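Read through the structure below, which is laid out as structure tokens, and then see the notes.
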Amino acid sequence: MKKIFSFLVIVIFWSLEPLMAQNYTVDNEASTLSVLGTSTLHDWKINAEQIEGSAKLVKKGETLTDISSLEINVPVANMFSGLDAMDDHMRTAMTANDANSVQFKLTKILKMTPNTIGGYTIQAEGDLTIANNTKPIRLQVTMDKKNKDGCRFFGETMLDMTDFNVSPPTAEMGSIKTEKDVKVVFDVTFSKM
């Protein structure tokens with residue numbers, strides 16, 4: 001009986017793979033983030049040319065078990081629409097309160113489900129800071145495992161600029177107005193550090 005118990009203990013411990021936290025950093029060249037909106041004149045789009053950030057993913061073997069941290073930082077100075085006047089209005093609105101970046105910090109994973117592309121569909125909550133105003137948001141993200149050394153998070157979410165005390169920009173003495181609702185579309189790749 002003692003031998004059987006000892007054998008079972010050895011088998012159980014031998015079969016357990018340790019949980020390993022792995023650190024990742026944003027691969028700016030492989031990542032995109034765009035803000036899309038409308039105005040009384042035309043639709044518009046602003047692209048982030050620089051995305052910074054890090055993540056700590058907890059895995060058991062090749063299976064993701066948790067995301068213990070994830071942060072993304074987008075400098076406002078590196079966001080461009082291709083129209084100088086629009087860029088000036090956007091920067092004026094988004095750098096209020098001496099802010100210089102838009103930041104997202106993951107606070108909680110609500111649900112993580114394996115998906116059909118070999119990754120995960122993730123329901124998450126996080127704190128989004130725009131113009132030094134932080135609000136909690138909830139979003140759905142798709143994670144794709146690019147390879148053993150990287151992963152990609154992509155999705156989109158709608159935001160109301162006024163929730164962050166950002167007044168929708170206007171031009172031509174108020175005759176051109178932007179809508180307060182914008183869509184943020186992101187495709188951010190992380191590489192193992």
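Values as computed for the structure displayed
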{"read-out": "About the Cα centre, charge dipole magnitude for the chain (Lys/Arg +1, Asp/Glu -1 at Cβ), debye", "value": "1320"}
{"read-out": "Region 44-103 - convex hull of alpha carbons, volume per residue in Å³", "value": "108"}
{"read-out": "Within region 123-161, backbone nitrogen closer than 17 Å to the virtual label 7 Å beyond the Cα of ALA30 toward Cβ", "value": "142-155"}
{"read-out": "More than 23 angstrom apart: percent of Cα pairs within the chain", "value": "50"}
{"read-out": "Range of Cα positions in region 153-193 per principal axis (Å), largest first", "value": "49, 19, 16"}
{"read-out": "Probe 1.4 Å, accessible area per residue of region 56-193, Å²", "value": "54"}
{"read-out": "The chain, accessible surface, carbon-and-sulfur percent (1.4 angstrom probe)", "value": "55"}
{"read-out": "Length released on extending from SER39 to SER191, taking residue separation times 0.36 nm less the Cα-Cα span", "value": "51.0 nm"}
{"read-out": "Contour minus Cα-Cα distance for SER69 and ASN100 (0.36 nm per residue)", "value": "8.9 nm"}
{"read-out": "Sequence-distant residues sharing a close amide H with SER69 (under 5 Å, placed H)", "value": "LYS56"}
{"read-out": "Computed label-point distance, nm, for sites GLU172 and LEU19 using a 7 Å Cα→Cβ extension", "value": "5.7"}
{"read-out": "Angle in degrees between helix 2-15 and the longest Cα principal axis of the chain, rounded to the nearest 10", "value": "30"}
{"read-out": "Point-to-point label distance, ASP160-LEU110, nm (Cα→Cβ direction, 7 Å offset)", "value": "1.7"}
{"read-out": "Amide H within-cut-off set for GLY53, under 5 Å, with H built and near neighbours excluded", "value": "VAL26, ASN73"}
{"read-out": "Computed accessible area, ARG138, all protein chains, 1.4 angstrom probe, square angstrom", "value": "150"}
{"read-out": "Residues in region 133-171 that a label on ASP84 would reach, taking backbone N under 11 Å of a point 7 Å out along Cα→Cβ", "value": "none"}
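The values are calculated or read from the model by the stated rules, or taken from the named source; none is laboratory data. These figures come from a predicted structure and were not determined experimentally. Positions of Cβ are backbone-derived with ideal geometry, glycine not excepted, and every protein chain shown enters the neighbour counts. Surface areas here come from the heavy atoms of the whole protein model, side chains and all, with no ligands, DNA or RNA. Shrake-Rupley method; radii C 1.70, N 1.55, O 1.52, S 1.80 Å.
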